[in-house]
């Protein structure tokens, strides 16, 4: 396999109908990525390690941009003046697993504040009310009320378009996806990763790099369930409609409702549930 395809091959022992055989199986890659920051005014530049995330290699620059934005560190792509892998100095194995992001000299970074905004899991111990209040202190683009509008038919077409572009999932069966759609219900961009949050960050980061940001006239669909963290990231990017194959959590619904978003769950076949923001779904 060429590097950064997101796939590795593993020989497995397969059992079927009482028989066993060895066969090659495609497995989704999962490797650590350490994000390092260079920041501060000219003559006082600092270098610090920001975070380590387990991700599927590929689109690391987009992942970094999306992560920095959804953690409130940057507000636009132009605040990043350089991105490069620096792991080669340590070992060939680490070549693609350490990413240095250089911020513009006039981009402030407050690490103490960042620690209060990092949401690493749904069991982080921060109560829902406090989490939403903390989110209100960082930069948000906020969706526009009642806009855009999607018909049920357009929404029902999201999963088919999404599955047709999930190349890594088709080969491995073990990877998440996030996809954006325009006002006509047509798929714009799709990103895959072993982590749901990483797939969303890659999607947001790539949109920041290529235009169409903030995402106030787009819908996003994700695989799996809808967590608070996914709604948080979408809300910050101005996404008005967020849909998923699975169910939302109660806090995800509360957060989406508080920011005027349309939240859709169990989007499968010809059915889906609208948990809030029903004014954007019209027959």
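The values are calculated or read from the model by the stated rules, or taken from the named source; none is laboratory data. Predicted, not measured: the structure shown is a model, and the values here were computed from it. Glycine also receives a Cβ, built like all others from the backbone with ideal geometry; neighbour counts cover every protein chain displayed.
From the list 205, 211, 173, pick out the single residue that is under 19 Å from residue 83 (Cβ atoms) and without any contact (Cβ under 8 Å) to a residue 12 or more places away in the chain.
211
Which of the residues belonging to the stretch 204-218 are in contact with a helix residue (DSSP H, G or I) (Cβ under 7 Å, 6 or more places away or on another chain) and not in a loop (DSSP other than H, G, I, E, B)?
The answer is 204, 205, 206, 208, 209.
Taking the criterion of being part of a loop (DSSP other than H, G, I, E, B), farther than 26 Å from residue 54 by Cβ and either assigned by TED's automatic domain parsing to the domain that holds residue 164 or touching a strand residue (DSSP E or B) at 6+ places or on another chain (Cβ under 9 Å) (or both), would at least one residue in the stretch 192-202 satisfy it?
No, the stretch 192-202 contains no residue that is part of a loop (DSSP other than H, G, I, E, B), farther than 26 Å from residue 54 by Cβ and either assigned by TED's automatic domain parsing to the domain that holds residue 164 or touching a strand residue (DSSP E or B) at 6+ places or on another chain (Cβ under 9 Å) (or both).
On the basis of being at negative phi and modelled with pLDDT of 95 or more, does residue 75 make the cut?
So residue 75 does not fit the description; no.
Given the conditions (1) in contact with a helix residue (DSSP H, G or I) (Cβ under 8 Å, 6 or more places away or on another chain); (2) not assigned by TED's automatic domain parsing to the domain that holds residue 101, and given that residue 53 satisfies all but one, which numbered condition is not satisfied?
Going through (1) in contact with a helix residue (DSSP H, G or I) (Cβ under 8 Å, 6 or more places away or on another chain); (2) not assigned by TED's automatic domain parsing to the domain that holds residue 101 one by one, residue 53 breaks only (2).
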